Amino acid sequence: MRELSFNNVLEIHSKIFQSVDPNEIECLVATLLNYRETGRIVGLGAGRMGYSLRSFIMRLSHIGFEAYMIGDTSLPRIGCGDLVLVNSSSGNTPSVLLYAEQAKQAGATVISLCANENSKISELVDKNICYVVQEDLQLMKTSYEQFSFLFWDFIAHKMIFVADLDVRKIEHNHSILE
């Protein structure tokens, strides 16, 4: 294994982000904002990809959305009018694929963030935001897990900016029981 510098990590993330179509980001932000008053958003991911999406789902809750993560005991039945966000670098994780299929069958809109435009999940969803795989020195899929965390935080910021939301109100929604 070759040595890795922090600058290498930052360069990889910059390249991955540049591979995402800016129009898809704008469309995602607009789609998410449409669900603020009218629908629920459910996050679907496994492992570290799931953890990064869970952080975004928490941020959506701070912003004022009705948002849940798969596995939450309070997750209501998914149906028409709901949005399911899938976070999977491979796009072929069996458990994530199964839940995405069930969400589609129930009538939910499904959007994925994925590094594989030819994956089973990419073929299933209503919209797939794809990023390009980069040569990386980090362990396994670490760069994609890190990227998705940064990506979803960036999307939260864009949503707050575009909707001109009151940051103090959002900060007030942050848990005080930590």
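The values are calculated or read from the model by the stated rules, or taken from the named source; none is laboratory data. Computed from a predicted model, the values in this text were never measured in an experiment. Using ideal geometry, Cβ is built from the backbone for each residue, glycine included, and neighbour counts are taken over all protein chains shown. When the accessible area is computed, the model is the full protein with side chains, heavy atoms only, and any ligands, DNA or RNA have been set aside. Shrake-Rupley method; radii C 1.70, N 1.55, O 1.52, S 1.80 Å.
Accessible area per residue for segment 18-136 in Å², computed with a 1.4 Å probe and the full protein assembly in place, what is it?
47 Å²
Rank these residues by their accessible area, most exposed first, probe 1.4 Å: Ser14, Ser143, Ser74.
On the way: Ser14 50, Ser143 0, Ser74 80 Å².
Largest accessible area first, the residues go Ser74, Ser14, Ser143.
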Relative contact order in percent for segment 27-112 (Cα pairs under 8 Å, 6+ apart) equals 32 percent
Which three extents, in angstrom, do the Cα atoms of segment 16-76 have along their principal axes, listed largest first?
36, 30, 16
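Counting pairs of alpha carbon atoms under 8 Å apart in space and at least six apart in sequence, what relative contact order in percent does the chain give?
Values: 273 pairs, mean separation 45.6, N = 178.
With pairs under 8 Å counted, the relative contact order is 26 percent.
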How far is it, in nm, from the label point at Ser55 to the one at Asn92 when both lie 7 Å from their Cα along the line to the Cβ?
2.8 nm
Counting only protein heavy atoms with a 1.4 Å probe and every protein chain in place, the carbon and sulfur fraction of the accessible surface of the chain in whole percent equals 52 percent
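Between Ser5 and Asn118, what is the FRET efficiency for a Förster distance of 41 Å, r being their Cβ-Cβ separation, to the nearest 0.05? Spell out each step's value before the answer.
Details: r = 32 Å, r/R0 = 0.79.
Efficiency for this residue pair is about 0.80.
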Heads up, I need the accessible area for Tyr51: 1.4 angstrom probe, whole protein in place, Å², nearest 10.
150 Å²
